[in-house]
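Okay, so here's the structure we're looking at.
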Amino acid sequence: MRITLEHLGRRFNKEWIFREISYTFAQGQRYAILGPNGSGKSTLLSVLLGSLTPSEGKITYAEDQEILPEHIFSHISLAAPYLDLVEEFTLQETIDFHFKFKNYQKGFDAAAVLEILALSKAQDKPLKYFSSGMKQRTKLALAVCADTPILVLDEPTSNLDAQGTDWYLGLIEKWTKNRMVLVGSNQAYEYEFCKHQLNILDYKK
């Protein structure tokens, strides 16, 4: 999988969030999308996800052949604090529902996801009774355990304590090899494993 940006820009009304990004994201590489809060990290990730269209420039997705932007969602898994879960679903129902739309990584099933979460005792509990940290762990596990070539993580340790952050870093180290990983963050410990960095502030015009 490869994502190529050519002179990419996005604006809201008359304000440019970023302009003139020309960059290539490659399979098997890890990238940190950096910038202070409100700088446009999530906006860029939304463009990469295909949920926002660029205001200028071009974005191309290609594997063995070019993938249309409206189909890229099936190749991407996302975890983000603003991503809503169905509060009335139990954890087991949430896992079962998620994997109706995504395939499991090889060797995974619902039981394996519960084991990674270490929440098997809560499998029949509705998510509305989960703490914010438990919900964030659930989002991360669902994204990481899905069989997609691209993994997008926006502010991945939001609502996680120190133990949860260590769990997240272990999850990345063990289960994301050979995937393209994009991390939107301004916290160094969230993206310490990323070899490449793209700073939004470099593309403010």
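Taken together, the values in this text are just the output of simple stated rules run on the coordinates, not laboratory data. Keep in mind that this is a model prediction, so the values were computed, not measured. For neighbour counting, all protein chains shown are included, and Cβ atoms are generated from backbone atoms with ideal geometry for every residue, glycine included.
For the stretch 2-203, the alpha-carbon coordinates run over 50, 36, 31 Å along the three principal axes, in decreasing order. When peptides 9-15, 19-25, 137-143 are ranked by their average number of other Cβ atoms within 10 Å per residue, the highest-first order is 137-143, 19-25, 9-15. For the stretch 111-160, the fraction of alpha-carbon pairs lying more than 18 Å apart is 32 percent, rounded to a whole number.
Sorted from longest to shortest, the spans of the Cα atoms of the stretch 28-111 along the three principal axes equal 42, 36, 23 Å. The charge dipole of the stretch 2-203, taken about the Cα centre with unit charges on the Cβ atoms of Lys, Arg (+1) and Asp, Glu (-1), comes to about 140 debye, rounded to the nearest 20. Placing dummy labels 7 Å off each Cα toward the beta-carbon, the span from residue 159 to residue 64 is 3.9 nm. A simple spin-label model places pseudo-atoms 7 Å from Cα toward Cβ; at residue 29 and residue 197 they are separated by 1.6 nm.
With the convex hull of the Cα atoms taken as the outline of the stretch 146-205, the averaged projected area works out to 4.9 nm².
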